[in-house]
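Submitted below is the structure of interest, expressed as structure tokens.
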2 protein chains.
Amino acid sequence: MSKHDHDREEGLEFQPKFDASGLVTCVATDAATGDVLMVAHMNDEALRKTIESGEAWYFSRSRNALWRKGETSGQTQRVVEMRMDCDQDAVWIRVEQIGAACHTGRRSCFYRKVDSGARLSFVAADRLFDPKAVYRE
Amino acid sequence: MSKHDHDREEGLEFQPKFDASGLVTCVATDAATGDVLMVAHMNDEALRKTIESGEAWYFSRSRNALWRKGETSGQTQRVVEMRMDCDQDAVWIRVEQIGAACHTGRRSCFYRKVDSGARLSFVAADRLFDPKAVYRE
């Protein structure tokens, strides 16, 4: 392992390891329950804004744009704690989620279970808001 | 939204949305505590083997190889539940982790906290094994 990689893993300097698109992966969990709410991406600016504001900001790959979580839907995330992983290409934020994290209106994006036959079934799939009304699809 | 995208979000068919490298993101959490243990990737084969065996398999981008979690270190993961996210490009597994999930010997890869000044500090950073001994670095 190079000295640089070692420093990234064992040091206390914040040095995110961005991918070719300039992004790290972010996992948001519910601070109250531990449930994973969503997996998304942050670029350097989203990381900085999240750290500075205490609210979650992401970078949308499909829209190629920075966004504050909840700016359209009102379903914001207050960051209780942010953690960095060993090689600094992923962050974990524990959040207080207002309403639903998922654009489909569910509390979590992970509203389907995968069974041993690779079939899906709904779990925790109630909608907390109507996406058609919120996003005017 | 296309009918295909709608089916992927609202249907019960397992149809992972692989990226250009043939991978989905996988978040593994500790079934007992809800802590995020690691973020890694699965290709089609890793997904199938995980579902069939009930043990976590991943695809290593750095080694370009399929691997069974713990095959070298003995620190295996038994999958308690697997969930799929809305657009099927990420999976969440709740696992019973034997020992440490992180290759550095820590229970979780997320052993450093990011504070409001973007400085890191160690939390939960005790090593459960010596990586030099385990991986013969």
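Since every read-out is calculated from the coordinates, none of them should be taken as a lab result. Since the structure is predicted, the reported quantities are computational estimates derived from the model, not experimental observations. Heads up, the Cβs are rebuilt from the backbone with ideal geometry, glycines too, and the neighbour counts pull from every protein chain shown.
Output the residues belonging to region A:14-25 that are touching a helix residue (DSSP H, G or I) at 6+ places or on another chain (Cβ under 8 Å) and crowded, with 17+ Cβ neighbours inside 10 Å.
A:PRO16, A:VAL24
While we're looking at this one, here's another question. Look through region A:45-86, keep the residues that are acidic (Asp, Glu) and surrounded by fewer than 16 Cβ atoms within 10 Å (Cβ to Cβ), and return whichever of them is farthest from the other protein chains (Cβ to nearest Cβ).
The residue in question is A:GLU71.
For region A:27-87, which fully contained strands (runs of 3 or more DSSP E) count at least 3 residues that are over 26 Å from A:GLU9 (Cα atoms)?
Here the list reads A:65-68.
Return the residues of region A:26-44 that are surrounded by fewer than 16 Cβ atoms within 10 Å (Cβ to Cβ) and hydroxyl-bearing (Ser, Thr, Tyr); say none if nothing qualifies. Before you say what the answer is, go through the steps one by one.
Going residue by residue through region A:26-44, those that are surrounded by fewer than 16 Cβ atoms within 10 Å (Cβ to Cβ) are A:32-33, A:44.
Answer for region A:26-44, where residues must be surrounded by fewer than 16 Cβ atoms within 10 Å (Cβ to Cβ) and hydroxyl-bearing (Ser, Thr, Tyr): just A:THR33.
Need the failing condition index for A:ARG94 against (1) out of contact with any Phe, Trp or Tyr (no Cβ under 9 Å at 6 or more places or on another chain); (2) surrounded by 15 or more Cβ atoms within 10 Å (Cβ to Cβ); (3) without any contact (Cβ under 8 Å) to a residue 60 or more places away in the chain, just the number.
(3)
OK, next. Could you figure out which of (1) more than 24 Å from A:HIS41 (Cβ to Cβ); (2) under 16 Å from the mean Cα position of the chain (by Cα) isn't true of B:THR50?
Among (1) more than 24 Å from A:HIS41 (Cβ to Cβ); (2) under 16 Å from the mean Cα position of the chain (by Cα), the lone unmet condition for B:THR50 is (1).
Do the conditions hold for A:PHE18, that is, is it in a strand (DSSP E or B), more than 10 Å from every other protein chain (Cβ to nearest Cβ) and of a type outside the set (Gly, Ala, Ser)?
no
Pairs under 6 Å by beta carbon, first residue within 18 Å of B:GLY99 (Cβ to Cβ) in region B:37-59, partner part of a helix (DSSP H, G or I) and aliphatic (A, V, I, L, M), six or more apart or different chains?
B:TRP57/B:ALA46; B:TYR58/B:ALA46
Let me ask something additional. Specify the residue that is nearest to the chain's Cα centre (by Cα); the eligible residues are those in region A:104-124 that are buried (at least 16 other Cβ atoms within 10 Å of the Cβ) and more than 7 Å from every other protein chain (Cβ to nearest Cβ).
By that ranking, first place goes to A:SER108.
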